[in-house]
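Visitor: Take this structure, written in structure tokens, and hold onto it; I'll ask about it next.
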Amino acid sequence: MSITAVEPWVEIPLRKFVEEARTVLGLLLHPSGQVIAQFGFVRAVDVMSACALAAAIHASAGELGKQLDGKPFRGLHHPGRDRQLFLAEAATPRGTFIFLTVFDQESSLGLVRLYFDEFCKSLAAAAPSAPRRVEPVLEERFEHELNRNLAALFGRE
Amino acid sequence: MKSPFASILATLTRQRGVRASLVVDENDGIVVDSNLQIGQDGDRVAALAASLYRKARLSARAARLGTATFMQLEAERGRICAAGRNDLVLVVVADPAANIGMIRVEMIKAAGGLP
């Protein structure tokens, strides 16, 4: 399966996750919606949509969790008829990322959760120590950077 | 509150050499109930054993061997046994020297009692 990453240190942990958890689609993104890495997607427009939706779901779930439980919900599982979705936070020294993956009957929620925990650990270990510059979620360069990342993943401008 | 599986799990865990016994959802690989010795990672065992059992069951069916009743994995430092019914799988982790014959009998009997 083709894995592409904007930040190279993400690639090895992500490849290991894909091989072990046997999921069919995956996205690692910044909470603002900027894509960091993907596997299984064919079109840039699908990545763009999935990133926007994942960021929105994560933000909504976080806020809902705060109101219901006093702290943000950090994980979400949605079982569909043929495919299931798992969305959760992955904390690293470079900041917190959102991870979205879709799996079918080749995998299971238990396996995805198990290997996601290992993915988080290897991602945190692989992350360069220099902290990422904290930027506003919506700034002038958002669209430019989004397009740059998509071009890096799918090899076109 | 005791779960409906507590007595099944207690019976299995009483067998010599049994380190863990679990009732697992076959499709999700999530623990429904468990009886674990200290140091056993129930979530890990549940996810992996349910996945193995499911694949073994589907393989048996694809090979036209009928319903899988019992699965056993022997490894260097232990054994994993699984027996299922409907969407639930009974999983036992045992020492290499455990009496698998007895465990197998108890597991098949217990699996028959799963809802």
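Visitor: Suppose we filter the range A:12-56 for residues that are in a helix (DSSP H, G or I) and surrounded by fewer than 17 Cβ atoms within 10 Å (Cβ to Cβ); how many remain? Step through it out loud before you land on a result.
Guide: Within the range A:12-56, the first condition is being in a helix (DSSP H, G or I), and the residues that meet it are A:12-21, A:44-56.
Okay, now just the ones that are also surrounded by fewer than 17 Cβ atoms within 10 Å (Cβ to Cβ), so A:12, A:15-16, A:19-20, A:45-46, A:49, A:52-53, A:56.
Going through the range A:12-56 one residue at a time, the tally reaches 11.
Visitor: Give the range A:86-118 a look and list any residue that's hydrophobic (A, V, I, L, M, F, W, C) and more than 14 Å from chain B (Cβ to nearest Cβ), or say none. It would help to see each step written out before you state the result.
Guide: Filtering the range A:86-118 for residues hydrophobic (A, V, I, L, M, F, W, C) gives A:86-88, A:90-91, A:97-100, A:102-103, A:109, A:111-112, A:114, A:116.
Across the range A:86-118, the qualifying residues are A:LEU87, A:ALA88, A:ALA90, A:ALA91, A:PHE97, A:ILE98, A:PHE99, A:LEU100, A:VAL102.
Visitor: Name the strands (runs of 3 or more DSSP E) wholly within the range A:65-157 that hold at least 3 residues that are among the hydrophobic types (A, V, I, L, M, F, W, C), modelled with pLDDT of 95 or more and closer than 19 Å to A:VAL10 by Cβ? Spell out the reasoning first.
Guide: Details: elements: A:75-79, A:84-92, A:95-103.
Passing ranges, in order: A:84-92, A:95-103.
Visitor: May I pose another question? Within the range B:12-28, is there a residue that is away from chain A (no Cβ under 14 Å), buried (at least 18 other Cβ atoms within 10 Å of the Cβ), out of contact with any Asp or Glu (no Cβ under 9 Å at 6 or more places or on another chain) and without any contact (Cβ under 8 Å) to a residue 60 or more places away in the chain?
Guide: Looking through the range B:12-28, none of the residues is away from chain A (no Cβ under 14 Å), buried (at least 18 other Cβ atoms within 10 Å of the Cβ), out of contact with any Asp or Glu (no Cβ under 9 Å at 6 or more places or on another chain) and without any contact (Cβ under 8 Å) to a residue 60 or more places away in the chain.
Visitor: For B:ALA63, state whether it is more than 12 Å from chain A (Cβ to nearest Cβ) and touching a residue at least 12 places away in the same chain (Cβ under 8 Å).
Guide: On the way: more than 12 Å from chain A (Cβ to nearest Cβ): yes; touching a residue at least 12 places away in the same chain (Cβ under 8 Å): no.
So B:ALA63 does not fit the description; no.
Visitor: Any idea which of (1) farther than 24 Å from A:SER122 by Cβ; (2) in contact with a Lys or Arg (Cβ under 9 Å, 6 or more places away or on another chain) is the one A:ASP82 doesn't satisfy?
Guide: The single condition A:ASP82 does not satisfy is (2).
Visitor: Further, regarding this structure: Cβ-Cβ below 8 Å, separation at least six or inter-chain, first residue in the range B:37-48 and without any contact (Cβ under 8 Å) to a residue 12 or more places away in the chain and at the interface with chain A (Cβ under 9 Å from one of its Cβ atoms), second crowded, with 17+ Cβ neighbours inside 10 Å and assigned to a helix (DSSP H, G or I): which pairs?
Guide: Note: pairs meeting the criteria are B:ARG44/A:LEU114.
Visitor: Then there's this: Does at least one position in the range B:71-87 carry a residue that is over 17 Å from B:ARG14 (Cβ atoms), surrounded by fewer than 18 Cβ atoms within 10 Å (Cβ to Cβ), within 14 Å of another protein chain (Cβ to nearest Cβ) and of a type outside the set (Ser, Thr, Tyr)?
Guide: Within the range B:71-87, one or more residues are over 17 Å from B:ARG14 (Cβ atoms), surrounded by fewer than 18 Cβ atoms within 10 Å (Cβ to Cβ), within 14 Å of another protein chain (Cβ to nearest Cβ) and of a type outside the set (Ser, Thr, Tyr).
Visitor: Let me ask another. Just the residues that are aliphatic (A, V, I, L, M) and within 19 Å of A:ASP104 (Cα to Cα), please, taken from the range A:29-46.
Guide: A:VAL42
Visitor: Follow-up question, since we're still on this one. Got a sec? Which of B:ALA10, B:ALA47 is touching a helix residue (DSSP H, G or I) at 6+ places or on another chain (Cβ under 8 Å) and either among the hydrophobic types (A, V, I, L, M, F, W, C) or farther than 28 Å from A:GLY80 by Cβ (or both)?
Guide: Numbers: B:ALA10 fails: touching a helix residue (DSSP H, G or I) at 6+ places or on another chain (Cβ under 8 Å).
Answer to the selection: B:ALA47.
The values are calculated or read from the model by the stated rules, or taken from the named source; none is laboratory data. Treat the numbers as computed from the prediction; the structure is a model and nothing was measured. Cβ: placed from backbone, ideal geometry, glycine included. Neighbour counts: every protein chain shown.
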